[in-house]
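A short write-up of the structure that comes next.
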Amino acid sequence: MIASARDSDLVVFGATGFVGKLLAAYLAEHAPSGLRIALAGRSRARLEEARAALPPAAAGWPLIEADASDPASMAALAQGTRVVVTTVGPYARYGMPLVEACAAAGTHYADLTGEVLFVRDAIDRVDEVARGTGARIVHACGYDSIPSDLATMLLAARAAEDGAGGLRDVRLVATLKGGFSGGTIDSMRAQVEAMGKDPSLRKVAGHPFALSPDRAAEPETRQPRDAGPPARLPDGRWAAPFVMASFNTRIVRRSNALQDWAYGREMSYGEVMGVGRGPAGALTAAGVTGGLAGALAAMSFAPTRTLLDRVLPAPGTGPSEEVRQKGWFRMDVEASTESGRRYKATAAGKGDPGYAATAVMLGEAALALALDGDRLPDRAGSLTPATALGEVLVERLRAAGHTYEVTPA
């Protein structure tokens, strides 16, 4: 299990990047004064500059030079702290040495990955080791996939409490103002490139149970397509494919399987994006569908990928504070149950989902790992937000101003 005699309680790795700075600022404002926090990155000079721009509480935080490409550096980082939270991606390119180091050292870990292939690889490499050392390796602790994962968890818990049986048909409709970070886009680009080099990886990433702990044991329940055609929802809104559905759905299904399919053996889970009503909504849905398909195709082709790189946000960049604060996200999740009863969950929050809201989610996940160990689910290994942090994270996010609620539909 995790040793107590370590130099720090929590290390932010990638503290000089755009999202890393937002996360460090959030922790400086919300972490209790006794929590020993350190900042890590490749350049001490840049770390000093980043720390100087943080709120006064961070003035004395130690600085750690660490290189993601150096396994020895990652081992030293993991061995010196109780929790590492990392914003250094694409994770398939830079993340595995740190995951392996944390699993070996019994150090809790949280990241922002949205990469199916990376999470699958991490599961295969470190799950058994981490279960042995007691490390919680928690992927997807930002906009992808905390709202999806926690909302579905709450739906299942409410249905079970009411005696309504397991979940069956679960559909999430995402609406938002804002965008995805340059790091998220870079991760998508890296995964598309990897599949281009090794076409067999397309089957891995495309499988609906790609992240299951035991694919052979999964039920034969038909799962929705990740990117279907535009469709009209029962409430009259039009829906288009949601760019993170191909990742979020795998995380939610893994959460179900890790709990012995406690949400329901027959659960079918899908996500779309709500885009409006009437003729304008229909046009928007068609435009989003075509645009997403075109962007993914362009990322798969080197010449057009170069053109996209000129217009898409670059890694380590982001919008102004004013723009970040004007953003918001909302996830409406409706579910039917084995008894025929229906429920609706809402997960929502202020702030650009890829930046401001993600800093809150990742920050509270890190604080839960550092401070709430005795209240967290009794699990270790390669986990999801719901299975590693559960109700504790829901409580923290509610206290931070986010909405998580379930009502009969």
Do we have Ala101 as in a helix (DSSP H, G or I) and buried (at least 16 other Cβ atoms within 10 Å of the Cβ) here? yes
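Could you please let me know if Leu150 is open to solvent by less than 10 Å² (accessible area, probe 1.4 Å), farther than 26 Å from Ala194 by Cα and either of a type in the set (Val, Ile, Thr) or touching a Pro at 6+ places or on another chain (Cβ under 7 Å) (or both)?
yes
What about Ala156, is it under 25 Å from Gly276 (Cα atoms) and in a helix (DSSP H, G or I)?
Criteria not met by Ala156.
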Result of the Cβ filter at 8 Å on the range 375-399, keeping first residues that are more than 20 Å from Ala31 (Cα to Cα) and partners that are acidic (Asp, Glu), at least 6 apart or interchain, is Gly381/Asp127; Gly381/Glu128; Ser382/Asp127; Thr384/Asp149; Ala386/Asp149
So, first residue open to solvent by 70 Å² or more (accessible area, probe 1.4 Å) in the range 123-137, second residue not polar (S, T, N, Q) and not in a helix (DSSP H, G or I), Cβ within less than 7 Å, six or more apart or across chains; the pairs are Arg131/Ala380; Arg131/Gly381
Considering the range 104-118 alone, what residues qualify as being in a helix (DSSP H, G or I) and either within 15 Å of Gly142 (Cβ to Cβ) or open to solvent by less than 10 Å² (accessible area, probe 1.4 Å) (or both)? Val116, Phe118
Selected residue (only one of Ser73, Ser33 is small (Gly, Ala, Ser), farther than 28 Å from Asp149 by Cβ and open to solvent by 70 Å² or more (accessible area, probe 1.4 Å)): Ser33
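Rundown of residues vs (1) open to solvent by less than 20 Å² (accessible area, probe 1.4 Å); (2) out of contact with any strand residue (DSSP E or B) (no Cβ under 9 Å at 6 or more places or on another chain), yes/no style:
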{"position": "Ser212", "(1), (2)": "yes, yes"}
{"position": "Glu220", "(1), (2)": "no, yes"}
{"position": "Ala227", "(1), (2)": "no, no"}
{"position": "Ala231", "(1), (2)": "no, no"}
{"position": "Asp235", "(1), (2)": "no, no"}
{"position": "Trp238", "(1), (2)": "no, no"}
{"position": "Asn256", "(1), (2)": "yes, no"}
{"position": "Gln259", "(1), (2)": "no, yes"}
{"position": "Arg265", "(1), (2)": "no, yes"}
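The values are calculated or read from the model by the stated rules, or taken from the named source; none is laboratory data. Being a predicted model, the structure only gives us computed values, none of them experimental. Virtual Cβ from ideal backbone geometry, glycine too; neighbours counted across all protein chains shown. All accessible areas refer to the heavy atoms of the entire protein, side chains included, with ligands and DNA or RNA removed. Shrake-Rupley method; radii C 1.70, N 1.55, O 1.52, S 1.80 Å.
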